[in-house]
Structure formats: structure tokens, C-alpha cells
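The values are calculated or read from the model by the stated rules, or taken from the named source; none is laboratory data. Given the structure is predicted, the values throughout are model-derived calculations rather than measurements. Cβ coordinates were reconstructed from backbone atoms using ideal geometry, including for glycine residues, and neighbour counts include every protein chain displayed.
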Amino acid sequence: MTFSDELRERAEVLAEALPYIQKFYGKVFVIKYGGKAMVDDELKRIVIQDIVLLRYVGIVPIVVHGGGPEITELMQRLGKQPKFVCGLRVTDEETAEIVEMVLAGKINKELVDLLNRFGGMAVGLNGKDANLLRASKIPPEKTGGFDLGFVGEVEEVNPSILHLLSSAGYIPVVSSTSSDEEGNTLNLNADHVAGKIAAALQCTKLIFLTDVSGIYLTPNEPTTLISVLKASEAKELINLGVIDKGMIPKVEACLEALSAGVPQTHIINGAMPHSLLMEIFTDKGIGTMIVAD
């Protein structure tokens, strides 16, 4: 390929992106950031740059993140053995402190710093800030009678702080912790937080960055990747066990967002460089898009 051919290809990419930039200008996208793209330095740099680019072309990104591997690592360093029930981390009072330390004190600030260094204006938040997330402990009857401790579920989202920051050009970065009415710190599932925030904001897109390319009809078989999935079909795949384990809360979050009027939700592979841009600004897109029936 000659240098002029390469330049022409780049120009064609920009031309292809133009209609999408026009379509999504001023629209809110909720991006759940997780997986390898959060721990691999090069992937992290690429994702952060892509998010800043979205902001510069007029899209309004809201970033939500968890940090399970980092929490587990610190727990083990402190001599605590992680335990999970129904895919959720059993969280005693000491573990709740570790969760908040890792999510709000470490990961959140690292992401904010990176976004700012690449030209964005990011602000870190957790569910306690401006009463963003009102939550309560998950009762034992929802987990087969097991008490998870300080693990919560979001009851209400107060998005006013997100509107205030995003309207002023800032990129809100939300970590998945909050507190209950007694002031106890609660560990929240970041996927569910993203879905709740997307629903409250009535955003245009909810996008999950994961370690897989989307939803497969046959697990680990790339040729069975489902490009577009209706909400009723997604529910059926959960019932059949095709969608399982860590994919369930992501799909549940997509379904909640769709039921609240969010038009499109996406599950894409964040380990693929620039997957975010490919999903948003190209005709074919990548990953799995889940839409309402």
C-alpha cells in the first residue's frame, strides 16, 4: 500500500464517521468500563483516548466502572479470602472499606487523571456524591437465604449532578459504591449501576466494554456471534442458560435500560483496540446490540 492509499483510507474512515457524528451530537452515552481494558496499560490508554474523542465530537459520555480483580488482589494482600455467592462478593464491614478504597480512592482517581491528561475534563463520583445512588442491602431472600453483608442494590438514581457536570463539558466517572439510610457503605454491582444510570438519564446508548466480542449462540464459537438481539430473545437465552455467569448482570442491565426507553444497548470487546469507535462510527459495528422488541 502506498502512502497516498493509506491517506485515502484514513479519509474514507472519517467520511464514514460523519453521519454518526451528526446523528449522535449532544447525545448521552453511558459506558460501563471493565475487563482487560481496565488492567492492560495500552488498552486503557486507547479506551481513555476514545472516550475523550467522543466528548470532543459532541457526544456526552458518562463512565461507570467497577474493579473486581483489584479488590480481590488487595483483599488477599491483607489476608482476607474473597467469597462469592450468586456471583456477588460477600462483603463484611472491613471488605466494604476495602471496596471503597479501591474503587473510589484508587481506580476512579486513576481514570480521572488519565482522562484529564489526554485532554478531557473528568470528575470522579461515587453513589454517595449528591445522593447520586440511593441503595439498600440486598435481602437474604434474594440470594437463597444467604446474607451477603454490605452488598447493595440501587433503588433510585438522582442524576442531577450528572446533568450539571456533563452540561458544563465534564466527563463524570462513577464508581459503584454508595450507602444505605444508616450511612453504611454498600458494594454495588457496576453492571447494574450502569443500567440504572442509563435508564435514569434516558441516554441514547448503553455500552458495555467486556472481555468477549458479544453474545454467542454457542459459547466460545466465534461464528455464532449474535449481532442484533431483541429483548425477548435475550430473556429466553438467559432462561436456556446460553447467557450465564458474568454476562447475566450485563444483559439484565441492558434489559432494564431498554424497558426505560433507551433505544440501543451494546456489549462489545474492550480488549479490541478502538472497539468503542468501531461500534459507534462505522456502518457494520461490532459486538452484540440488544434492542427492544
Pairing a residue in segment 101-114 that is free of Cβ contacts under 8 Å to residues at least 40 places away in the same chain and within 16 Å of GLY35 (Cα to Cα) with any residue that is of a type outside the set (A, V, I, L, M, F, W, C) and in a helix (DSSP H, G or I), where Cβ atoms lie under 9 Å and the two sit 6 or more apart in sequence or on different chains, gives VAL102/GLU70; VAL102/GLU73; GLU110/LYS44
Out of the residues in segment 238-268 meeting the condition of being surrounded by 23 or more Cβ atoms within 10 Å (Cβ to Cβ) and of a type outside the set (A, V, I, L, M, F, W, C), tell me which one is nearest to GLY87 (Cα to Cα).
LYS250
Would you tally the residues in segment 235-288 being of a type in the set (A, V, I, L, M, F, W, C), modelled with pLDDT of 95 or more, over 17 Å from GLY35 (Cα atoms) and not in a loop (DSSP other than H, G, I, E, B)?
4
Please count how many residues of segment 73-101 are among the hydrophobic types (A, V, I, L, M, F, W, C) and farther than 17 Å from ASP147 by Cα.
6
For ASP293, the lone unmet condition from (1) buried (at least 17 other Cβ atoms within 10 Å of the Cβ); (2) touching a strand residue (DSSP E or B) at 6+ places or on another chain (Cβ under 7 Å) is (1)
Between GLY120, GLY152, GLY124, which is surrounded by 14 or more Cβ atoms within 10 Å (Cβ to Cβ), outside any strand (DSSP E or B) and in contact (Cβ under 8 Å) with a residue 24 or more places away in the chain?
GLY120
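To keep it simple, each residue is scored yes or no on (1) in a loop (DSSP other than H, G, I, E, B); (2) within 24 Å of MET38 (Cβ to Cβ); (3) within 16 Å of the chain's Cα centre (by Cα).
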| site | (1), (2), (3) |
| --- | --- |
| GLU156 | no, no, no |
| ILE161 | no, yes, no |
| LEU164 | no, no, no |
| GLY169 | yes, no, no |
| PRO172 | no, yes, yes |
| SER178 | no, yes, no |
| GLU182 | yes, no, no |
| LEU186 | no, yes, no |
| ASP191 | no, yes, yes |
What do you reckon, is ALA253 over 13 Å from GLY214 (Cα atoms) and touching a His at 6+ places or on another chain (Cβ under 6 Å)?
yes
Please go through segment 21-45 and pick out each residue that is within 16 Å of GLU279 (Cβ to Cβ) and touching an Asp or Glu at 6+ places or on another chain (Cβ under 9 Å).
LYS32, GLY34, GLY35, ALA37
Answer yes if at least one residue in segment 204-223 is basic (Lys, Arg) and surrounded by 16 or more Cβ atoms within 10 Å (Cβ to Cβ), and no otherwise.
yes
Just name the residue that is farthest from SER160 (Cα to Cα) out of those in segment 193-227 that are among the β-branched types (Val, Ile, Thr) and out of contact with any helix residue (DSSP H, G or I) (no Cβ under 9 Å at 6 or more places or on another chain).
THR223
Across segment 224-236, which residue is surrounded by the fewest Cβ atoms within 10 Å (Cβ to Cβ) among those that are within 23 Å of GLY87 (Cα to Cα) and touching a residue at least 40 places away in the same chain (Cβ under 8 Å)?
ALA231
Of residues in segment 165-180 being out of contact with any helix residue (DSSP H, G or I) (no Cβ under 6 Å at 6 or more places or on another chain), over 22 Å from ILE71 (Cβ atoms) and in contact (Cβ under 8 Å) with a residue 60 or more places away in the chain, the one surrounded by the fewest Cβ atoms within 10 Å (Cβ to Cβ)
GLY169
If GLU256 satisfies all but one of (1) closer than 30 Å to GLN22 by Cα; (2) among the charged types (D, E, K, R); (3) out of contact with any Lys or Arg (no Cβ under 9 Å at 6 or more places or on another chain), what's the number of the condition it fails?
(3)
